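Have a look at the structure below, then the notes.
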Amino acid sequence: MTSSTTPPRDGELFSRVYAQRDTRLSDSPRFRIRIGSFFNEALKGETHSRELRQRFESELGVSVGGYYNLHWTAFFKNAEMRDVLDAITIMYGTLTTSYSNVTAAQWRRFVQRAFEEEGLLYTVDSKCGVRRAVDEEYEHNAISVVRGLHDGRLRAVSGALESALKKLEQANQDRKGAVRDVFESAETLFKLTTDSGANLSTSSLEKHLRPIINRLYGKDPATVSAAGRMLGSFQAWTDAAHPFRHGQKTEVPIDLPEDVAVLLVSQGASFIRWLADIDRGTTPSPPKG
């Protein structure tokens, strides 16, 4: 779907330009019809249809229909959404191993385009595995941080952050769990960086992290001032995320709105990246020889 800041291309469909959605969808009848139609066109040969039928039944535990004259459009129209999304990945794997890499690439591009144009909250990875697409800021600030935590001493930090991301990416999001995990990741890294053993709080950040910041950036007053304001933002984030570390006194489970959870996880990941850089500047190098 065309971004509100991007001019529409000549010939672009009216609905793709003007039918903007405030929220992304988890399912769409139009998407199902489009996927089924492409599927039918790509699998004109009975051999590959039967191969896919066997894979669907063995991998997903779903019945596709008769042995001959398989009606893929009907399958995609009526199947559970989880099976539709899994079928997308199985289709890609079958095409790449038994059929056509060119058709597999076309399939992947088509699925990604259909996700975007129908306003669904999914995306595909390099092998057409379907994942939740939270937003670009989340992708940049969170997933890239995990890739940067290669240091063996940061395994617990990386593990907690990865757990937070998975809880937002899964079909039934655990948003409070995601915030708890990203807080745990930040707190673990804070303890490693400051070597203080103190829990993460506004007062402990002031007491233990500010002196390190002043020491690292002390040669440039402007940088020290900017880093101090960043520390203030870190303290505000800590206050915002801290209540979700604990249970709530209520009989009915309370969950966070997705936008708040994504913001807390994304910002937390940004502070974790900053802490990791500070940690690399404060951790002594191992002795040589």
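The values are calculated or read from the model by the stated rules, or taken from the named source; none is laboratory data. As the structure is a computational prediction, the values presented were derived from the model and not from experiment. Every residue, glycine as well, gets a Cβ built from its backbone with ideal geometry; the counts of neighbours run over all protein chains shown.
Taking residues in the stretch 110-124 that are part of a strand (DSSP E or B), and partners anywhere that are of a type in the set (A, V, I, L, M) and modelled with pLDDT of 85 or more, the pairs with Cβ atoms closer than 6 Å and at least 6 places apart or on different chains are Y122/V130; V124/V111; V124/V130.
Does the stretch 270-285 contain any residue that is closer than 17 Å to T202 by Cβ, in a helix (DSSP H, G or I) and modelled with pLDDT under 85? Scanning the stretch 270-285, I find no residue that is closer than 17 Å to T202 by Cβ, in a helix (DSSP H, G or I) and modelled with pLDDT under 85, so the answer is no. Return the residues of the stretch 98-109 that are modelled with pLDDT of 90 or more and either of a type in the set (V, I, T) or buried (at least 19 other Cβ atoms within 10 Å of the Cβ) (or both); say none if nothing qualifies. Correct list: W107, R108.
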